[in-house]
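For reference, the structure is listed below as structure tokens.
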Amino acid sequence: MNHTLPEACLKTLDAIQTDPLNLEPWAEAHLRNCPGCREARVQWLAMEDAESPLVPAGYFDTLPDRVLRKLPGQPVKRLGTRPLLLAAAAALMVAAGIGGYFAGQATAPPPTVTASAPTIDTETLESLPEAPFQDPEDPINQLEGLSPEESRSVLKRMMVPQPPTGSEP
Amino acid sequence: MIAISATTLPMQPTTVDNPLHAPEVLEWVKSAQEGDQAAFGCLVERFQRDVYAKAYSILRSHGDADDVVQETFLRAYRALPGFRHESSFRTWIITIATRQALGARERQRLNHEPLELEEEGREHPALRVEEPQMSALLDRESRQLLREALPRLPDRQKEALMLKIHNDWKYDRIAQEMGISVGSVKAHIFHAIQNLTRHFKGGRA
């Protein structure tokens, strides 16, 4: 350390050591023109231990996000090809759905009126036979379902005289 | 900014029992230097209280301290690629905060001064070299000078200064380590700064 400081610097540095934040006007004036002494004050203050002050609730919870939002060159989130393909497919499906809806509206059949059968109460249903115009148990109706051979066979058996039963009078 | 090269340091930073030098801090710094903003967010989270405390101790106002804290981290992010671990990250960012806070304080003072003072011949603020420009100039010019000056410091001054800027120990911890009083530690550190300033001014002359 061969260099000697000017008297003004020595006095200013003494003032900085005593109270770096409350300097006399002459010391402040010296600092404005002396980068070395100004830097000495920065270093001296930086090394002083600072007490943790009270801060508004939640201040330190939000500060990192606030800082990060202001960083230059925030990268745009890059998507892979798969999400893009899925998004394109979804868009196509939506477009097809909307198009199909309007196409269906354009070619829809004219409105029709459908008649419904009158309702019948349960008493009426109970009084009617199951097949009012054709009784499936009727022998004639049963014969209609037979083939010609079966019909001939049945007629032949009917022509054979039946032996009397004991139940008849 | 007074930058001290690690190549000239008589001692290396203590990583044991010091959360400020925890391995994850070094990893975050490295990742943030490569542009990892999430890693920088971790650094903000770890050191925001220290930076705020320093800014508040100078400005005594929450709003002003908040502005300085945000500006400090933004400047640190921009300057991070040039950070060479010549001090701890905490020392580095606290120094930025101190410089920002002193600048803010100076601007406040100028805004509240009566106009007559400027008319008396005070240099107009617009004509002065801006603090960041001057800091950059100091940073470039002082680096080589300080590499030469640091080994020439008296041993006790050098030891106290290194423990402070590289290990981020508080004064009482340094006093305990060196076996001297807190007042003596502060005196050693201040005289070290004074000697570095002397060398700086002599080198520029």
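Laboratory data are not the source of any read-out in this text; all were calculated from the coordinates shown. Worth saying up front: this structure is predicted, and the values here are computed from it rather than measured. FYI the Cβ positions are ideal-geometry reconstructions off the backbone, even for glycines, and counts take in every protein chain you see.
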(request) Per residue of A:50-60, count partner chain C-beta atoms within 10 Å of its C-beta, then hand back the mean as an integer. (result) 5
(request) List the pair-distance distribution P(r) of the stretch A:1-55, using every Cα-Cα distance, as the percent of pairs falling in each 10 Å bin from 0 up to the bin containing the longest distance, rounded to whole percents. (result) 23, 49, 20, 6, 1
(message) For a quick check: with amide H placed at 1.01 Å from N, whose amide H comes under 5 Å from B:ALA22's, ignoring anything fewer than 5 positions away on the same chain?
(response) none
(message) Please report the spacing between the Cα centers of the stretch A:15-67 and the stretch B:53-82 in Å, no decimals.
(response) 11 Å
(request) For the stretch B:28-42, just list the computed ³J(HN,Hα) in residue order, Karplus coefficients 6.51, -1.76 and 1.60, θ = phi - 60°, integers in Hz, with x standing in for Gly and Pro. (result) 4, 4, 4, 5, 5, 5, 8, x, 7, 6, 5, 5, 5, x, 5
(message) What distance in nm separates the two pseudo spin-label positions at A:MET93 and B:LEU26, each 7 Å out from Cα along the beta-carbon direction?
(response) 5.2 nm
